[in-house]
Number of protein chains: 2
Amino acid sequence: MSREMLTQTGEYALRALVYMARKGNGAYCGVKEIAQETGVPANYLAKILQQLARAKVLESQKGFGGGFKVARRLDKVTLFDIIDPLERIEKFKQCVLGQRLCNDAVACPLHHTWKAISGQYLGSLRSTTLQDIADFRSVADRIEHPEDAAQAP
Amino acid sequence: MSREMLTQTGEYALRALVYMARKGNGAYCGVKEIAQETGVPANYLAKILQQLARAKVLESQKGFGGGFKVARRLDKVTLFDIIDPLERIEKFKQCVLGQRLCNDAVACPLHHTWKAISGQYLGSLRSTTLQDIADFRSVADRIEHPEDAAQAP
DNA sequence: AACCAATCGGACAATTTTATCTTATTGTAT
DNA sequence: ATACAATAAGATAAAATTGTCCGATTGGTT
């Protein structure tokens with residue numbers, strides 16, 4: 001059993017959702033458009049987005065003008081919400097050395113190290129929202145468009 | 001391209017090396033013995049240990065009484081040394097969102113989050129040695145054998 | 001009502017990872 | 001020298017992951 005931080009599938013999902021979040025308007029996004037813009041294989045992306053729709057992270061709409069859109073407010077969707085339905089994140093809770101018994105009291109030699117690492121990983125996933133990402137401007141961006149940065153609250 | 005913290009292969013390697021480190025004596029360990037004790041498939045383990053021997057982390061000895069042993073002092077072998085030959089760890093340096101350009105100045109929305117996460121991961125791998133692990137006693141151990149713990153320096 | 005765009009879902013194909021098996025070779029001990 | 005224990009190495013198989021294709025279905029538009 002492997003401990004992926006991010007499978008290919010998870011990365012594709014992030015790319016797509018980040019694209020959708022940054023696009024901003026509440027309209028449905030077609031799979032083709034997202035695939036085009038993010039470089040993700042369209043058919044595979046469709047499957048991934050369908051899974052996220054089943055997990056209530058996205059809403060899908062069939063028919064003309066249909067597609068996918070984020071189902072909740074952007075600040076209510078964490079990276080964890082996106083990745084969890086696609087990968088078995090519980091795998092991080094299992095003992096790295098495969099010991100049957102491994103917890104804070106009876107620990108394998110790597111238990112604490114591993115707990116710290118995976119804790120930070122999962123913590124970051126849970127505390128970062130699509131809103132954070134949509135708002136993000138890189139240093140270069142801020143230099144080019146200084147008026148957009150550091151606005152009053 | 002997926003970002004594994006630890007593939008099955010990597011986990012097997014850790015289990016085996018931790019077993020060897022904790023066994024302690026400088027003798028060669030047979031693959032069968034290690035496989036038995038760690039629950040790793042013997043033939044597959046052989047392949048993994050051979051890779052680590054090629055990477056100079058282990059030494060192998062053929063013939064009667066042969067097997068594998070750690071090639072350096074335990075405090076000179078980090079977890080990174082063990083995992084690096086088996087997985088492509090550079091994958092952590094690549095942009096999570098697949099952007100061609102992504103660095104501290106021109107960053108993708110996840111660059112900093114990801115850099116922190118992977119930084120802690122790689123840091124832990126580089127700073128934890130087999131010696132640390134061989135020395136490790138769990139809380140329960142220390143209660144059972146208090147004389148072994150907290151000895152004078 | 002008929003049409004059309006787009007998802008849905010299942011089947012299938014390719015690739016990568018993991019695992020096994022078999023044979024050859026090496027090196028030590030008797 | 002011979003036997004034996006154990007690695008080395010290559011071929012192959014199984015499983016999981018990733019990717020493709022296609023027909024069915026849905027739902028809005030004209």
Cβ-vector label at 7 Å, A:G26, separations to other copies in nm: 7.3
Calculated P(r) tail over 15 Å for region A:16-90, as whole % of Cα pairs: 52 percent
Degrees between helix B:42-54 axis and first principal axis of chain B (Cα, 0 to 90, nearest 10): 70 degrees
Ellipticity estimate at 222 nm from DSSP helix runs (n ≥ 4, -39,500 (n - 2.57)) divided over chain A, nearest 500: -13500 deg cm²/dmol
Nearest-first distances (nm) between copies at B:P41, label 7 Å from Cα via Cβ: 2.5
Under 13 Å, Cβ to Cβ, from B:G26 - net charge with Lys/Arg +1 and Asp/Glu -1: +3
Chain B: most fluctuating residue of B:Q51, B:Q131, B:Q36 per GNM, C-alpha cutoff 10 Å: B:Q36
Per-copy distances of the A:R73 label point, shortest first, in nm (7 angstrom along Cα→Cβ): 5.8
Cα gyration tensor category, rounded, prolate or oblate, for chain A with a/c compared to 1.5: oblate
Check: region A:8-148 dipole with +1 on Lys, Arg Cβ and -1 on Asp, Glu Cβ, in debye: 620 debye
Amide H contacts of A:E4 (H built 1.01 Å from N, under 5 Å, at least 5 apart or other chain): B:M5
Size of electric dipole in the protein assembly as shown: Cβ of Lys, Arg +1 and of Asp, Glu -1, about Cα centre, debye, nearest 20: 740 debye
Per-residue HN-Hα couplings for region A:98-107 [Karplus 6.51, -1.76, 1.60; θ = phi - 60°; Hz; x = Gly/Pro]: x, 6, 5, 10, 7, 8, 4, 7, 9, 10
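Since every read-out is calculated from the coordinates, none of them should be taken as a lab result. Predicted model, so just to flag it, every value in this text is computed and none were measured. Reconstructed Cβ throughout: ideal geometry from the backbone, glycine too, with neighbour counts over all protein chains shown.
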